[in-house]
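No lab work stands behind these numbers, since they all come straight from the coordinates. Since the model is a prediction, treat every value here as computed from it, not as a measurement.
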Amino acid sequence: MRIDIVTPERQLASTEAANVQIPASEGDMTVMDNHAPMVTTLRPGVVTIDGGDAYVVTGGFAEISPAGASILAERAVPRAEATREMLTVVLHDAKAAMDIATGDIESAAARLRVNDVEELIKHIG
């Protein structure tokens, strides 16, 4: 199946793969050939292609079809290029959004994003 990872600045990956693991907002998911069509939002995490190439994403969307997945990330870098400093900026932005969130749903979503970024920072090291 075809896997594409794109940010507003560049295309990071465009490859054929057997599977891709995605940090979807509903939970981690593995997409394989002939997956049911869907669109999901991404939470901060790691996208892994065929258990090898890995990319850190800060959010975005994934469009999944039976032929593959297009990952449209707000920000993404190869796992080897991800730094604690980069993710600290993302965490700062997430905390700022949490501080100005109004309503229970918006506050809960902001709190989840902060938690996801903190877990990603722990994972990255």
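Length gained on full extension, Glu63 to Thr83: 4.5 nm, using 0.36 nm per residue less the C-alpha separation.
Per the Debye calculation on region 83-124 with a single equal scatterer at every Cα and no solvent contribution, log₁₀ I(q)/I(0) for q = 0.21, 0.23, 0.30, 0.31 Å⁻¹ amounts to -0.59, -0.67, -0.95, -0.99.
The relative contact order of the chain, computed from alpha carbon pairs under 8 Å that lie at least 6 residues apart in sequence, is 22 percent. Taking 0.36 nm per residue of sequence separation and removing the Cα-Cα distance, the Ala109/Thr15 pair yields an extension gain of 30.6 nm. The overall shape of region 27-77, judged from the alpha-carbon gyration tensor, is oblate: a/c is not under 1.5, and a/b is no greater than b/c.
How many times 2.2 N^0.38 Å is the alpha carbon radius of gyration of the chain? Mind dumping the intermediate values first?
Details: Rg = 14.5 Å, N = 125, 2.2 N^0.38 = 13.8 Å.
With N residues counted in the chain, Rg over 2.2 N^0.38 Å equals 1.05.
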